[in-house]
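The values are calculated or read from the model by the stated rules, or taken from the named source; none is laboratory data. All of these numbers come straight from a predicted model, not from anything done at the bench. Every residue, glycine as well, gets a Cβ built from its backbone with ideal geometry; the counts of neighbours run over all protein chains shown. To get the accessible areas, we keep the full protein, side chains included, count just its heavy atoms, and leave off ligands, DNA and RNA. Shrake-Rupley method; radii C 1.70, N 1.55, O 1.52, S 1.80 Å.
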Amino acid sequence: MGILSLNDDALLLIFANIYGEDALNVSLSTKRLYGLASSRIAAVVQCSSPSQLRKLHRYLLSTLSGGTLRVRYLEQLIIDASTFDNPASVEDEPAFDEELPVGSWESLYSDFSQVHMLADILMQAENIRELALERFHPCVARDPRMGAAFQSLPHLVNFRLSTIGDSTLADVLLHAKSNALERVTLSYHTFDDFPLPAEPKSLPPLLLALAKFQKLHTVKLWNFTPTDHLPLDPPPPSLPSMRYLRLSQSSVQALDMVELCPNLSTLVFSLDDENADAIPSVGSRWRPLRRLMLGDLREADSISNRLSTVDHLQLISKVTLDTPRSFTQESSTTRLLGLLRVTSPVSLYLRLVAFRKENRLAIEMFWKEVPSTAPRLRSLELQLPFSFPPFDTDFSWLLSIPNVLQTVPLLVLRIVVPSTISPGWSAGYRYDKSMKDDARKLCRAREICRVRALAELPQLCIEAIPTLLYMAIGDTAPNMDLFDRSDVNDEELADVFQHGQGEGPIESEWDELRQLDCVRKQRWWKIEARESQRILVEISEDGGEEAQRLIEEPQYRAATQIDHALETLLL
């Protein structure tokens, strides 16, 4: 039974998931499939250069055999900032210390002479559902049709606009006609990227624009740094449909949005560099949150007086716990315990700097306080980054962690120790050729000790933490850049390569929370009781993460519901 035996409706459902070259190959196979798949060739388009924009303009505004413009089938359009690169900017680049005159940025680094082509495309792209457009404000300034075209898109569900200011919102977004909009991402202008000196960043225009979209549930804002709080007169609009709010590289004043979102579930917040000295947010406590992700303890200092309980608490930046003699009101240990006391999370993610002898007492004292400070905590993920240069082979601090955590009644524990980075620029140091071989040997020795220490960790954990039901360890595969092919066949290193060699195709995608491109190998176990002993039973990564998700649910009651769910997942 071949694919051609399926009826047209079934084939259209299949072809709805392909585009570009895949759709082209299908459409060229038979006359019947051409009629069904040819419209998908131009369904998803990304443009990243001036020459590519010219080609897209010709192609998308041409017609198919039936006379329909190809652009009418466009569903997702991505316009990168490089689409507006000025080819002459490299030759005319000023000296490092040369001060640029005001207003010269556009003429020096960008060329918006082809914006009319983009406007032509958008004016005809009535079926676009997702749009990502960088340099939006200067594009509208160059060709006002850009704003009119954006406003007229009736089926827009998700858009991302970069390089914007208040007038962008007031003149364009406020008059958008889409009733289907669900997700909005806005990146405001910055001084070091594409400054718009005449464009302020304030709350009222943003809120007026967002309030008109009744289905909007996700808003992500970058570089939104209002300097004034929201005025009370006139009363600001409410955003009842909002469930996810991101304020990255923002200011404390932007947090005024939170109390306008009565159904907010997730808040992501980080301060920009100019707000290094965080000031506390003022006002009543917010409603409980499902998830709170903070850049570091600076953000916690800004909002701790506004927080209620948080189910999932995540701190992205590294945290170094103070030594006991430095425990003061301002110490990182005291501040972190204060945050846990206010939020009482069910799950916690921390990046704790790898500890040495001088910090070991501090970490022991910290975790002894956690059960009383955060009584709901039952799921913990620790990433344990190391300091540079990465040559230390002493991992006794890692093997002591199970005993440190024995007072915390954890059901799920995930520990990630990133692999040793190859010597060179990526490790934070520049090595000349004479040093590189020695540095590689030291990194290799450290990587061997890291993998072996991680192999011991699971058994130590189940012996020390009697409540533990599931656990995961990563990265259990060695970084093969530090080894020769002959090492794989070395019997003395057999245990290092036992669970993978960390080679072959690796999916590399930046994990914002964990600040990693990839984890080569992550192993999950379920802890079972057999004949009065607790044993480790290895399970799949999908199964482990599903178990973690269920345990972190507020309505979690017993391990039996996890067993049932995992059986369903396997089926």
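Checked against the criterion of being closer than 14 Å to Glu130 by Cα, in contact with a helix residue (DSSP H, G or I) (Cβ under 8 Å, 6 or more places away or on another chain) and part of a strand (DSSP E or B), region 174-185 has at least one qualifying residue. One residue stands out in region 292-308 among those that are surrounded by fewer than 18 Cβ atoms within 10 Å (Cβ to Cβ) and touching an Asp or Glu at 6+ places or on another chain (Cβ under 9 Å): the one that is modelled with the lowest pLDDT, namely Arg298.
Checking Trp286, Trp222 one by one, the residue that is open to solvent by 10 Å² or more (accessible area, probe 1.4 Å), more than 18 Å from the chain's Cα centre (by Cα) and of a type in the set (Phe, Trp, Tyr) is Trp286 and no other. When Asn305 is tested against (1) over 30 Å from Arg360 (Cβ atoms); (2) touching a residue at least 24 places away in the same chain (Cβ under 8 Å); (3) within 23 Å of the chain's Cα centre (by Cα); (4) not in a helix (DSSP H, G or I), just one condition goes unmet, and that condition is (3). Just the residues that are within 20 Å of the chain's Cα centre (by Cα) and either of a type in the set (Val, Ile, Thr) or closer than 21 Å to Leu348 by Cα (or both), please, taken from region 518-540. Across region 518-540, the qualifying residues are Cys518, Val519, Gln522. Is it the case, given these coordinates, that Gly500 is open to solvent by 20 Å² or more (accessible area, probe 1.4 Å) and either assigned to a loop (DSSP other than H, G, I, E, B) or modelled with pLDDT of 80 or more (or both)? It is true that Gly500 is open to solvent by 20 Å² or more (accessible area, probe 1.4 Å) and either assigned to a loop (DSSP other than H, G, I, E, B) or modelled with pLDDT of 80 or more (or both).
For region 139-157, the set of residues classified as open to solvent by less than 10 Å² (accessible area, probe 1.4 Å) and either modelled with pLDDT of 95 or more or not aliphatic (A, V, I, L, M) (or both) consists of Cys139, Gly147, Phe150, listed by residue number. Condition test on Phe194, is it over 19 Å from Thr83 (Cβ atoms) and part of a loop (DSSP other than H, G, I, E, B)? No: the conditions fail for Phe194.
So which residues in region 339-376 are open to solvent by less than 20 Å² (accessible area, probe 1.4 Å), under 17 Å from Arg298 (Cα atoms) and modelled with pLDDT of 90 or more? Once the filter is applied, which keeps residues that are open to solvent by less than 20 Å² (accessible area, probe 1.4 Å), under 17 Å from Arg298 (Cα atoms) and modelled with pLDDT of 90 or more, region 339-376 yields Leu339, Leu340, Thr343, Tyr349, Leu350. Of all positions in region 242-265, none carries a residue that is within 18 Å of Tyr349 (Cα to Cα), among the aromatic types (Phe, Trp, Tyr) and in a strand (DSSP E or B).
Being aliphatic (A, V, I, L, M) and either under 20 Å from Thr163 (Cβ atoms) or in contact with a Lys or Arg (Cβ under 6 Å, 6 or more places away or on another chain) (or both): is that true of Ala180 here? So Ala180 fails the test.
The residues on offer are Pro466, Pro458, Pro409, and the sole one that is buried (at least 21 other Cβ atoms within 10 Å of the Cβ) and at pLDDT 85 or above is Pro458.
Within region 527-571, the only residue that satisfies the criterion of being modelled with pLDDT under 75, part of a loop (DSSP other than H, G, I, E, B) and open to solvent by less than 70 Å² (accessible area, probe 1.4 Å) is Ala558. Taking region 147-190 as the range and being basic (Lys, Arg) and within 28 Å of the chain's Cα centre (by Cα) as the test, the residues that pass are Arg160, Arg183. Contact map, region 277-299: residues that are touching a residue at least 60 places away in the same chain (Cβ under 8 Å) paired with residues that are open to solvent by less than 60 Å² (accessible area, probe 1.4 Å), Cβ distance under 6 Å, separation 6+ or inter-chain. Pairs shown: Met293/Val268; Met293/Gln314. Among the residues here, Gln214 qualifies as without any contact (Cβ under 8 Å) to a residue 60 or more places away in the chain and open to solvent by 40 Å² or more (accessible area, probe 1.4 Å).
For region 268-291, filtered to residues that are at pLDDT 90 or above and of a type in the set (D, E, K, R), the residue that is farthest from Leu348 (Cα to Cα) is Arg285. When residues in region 225-235 are screened for being under 13 Å from Met257 (Cβ atoms) and open to solvent by 60 Å² or more (accessible area, probe 1.4 Å), 1 of them pass.
Just so you know, in region 104-137 the residues that are open to solvent by less than 10 Å² (accessible area, probe 1.4 Å) and part of a helix (DSSP H, G or I) include one that is farthest from Arg183 (Cα to Cα), and it is Val115.
For residues that are open to solvent by 10 Å² or more (accessible area, probe 1.4 Å) and in contact with a helix residue (DSSP H, G or I) (Cβ under 8 Å, 6 or more places away or on another chain), scanning just region 378-393, find the one that is nearest to Arg335 (Cα to Cα). Going through the qualifying residues, I end up with Arg378.
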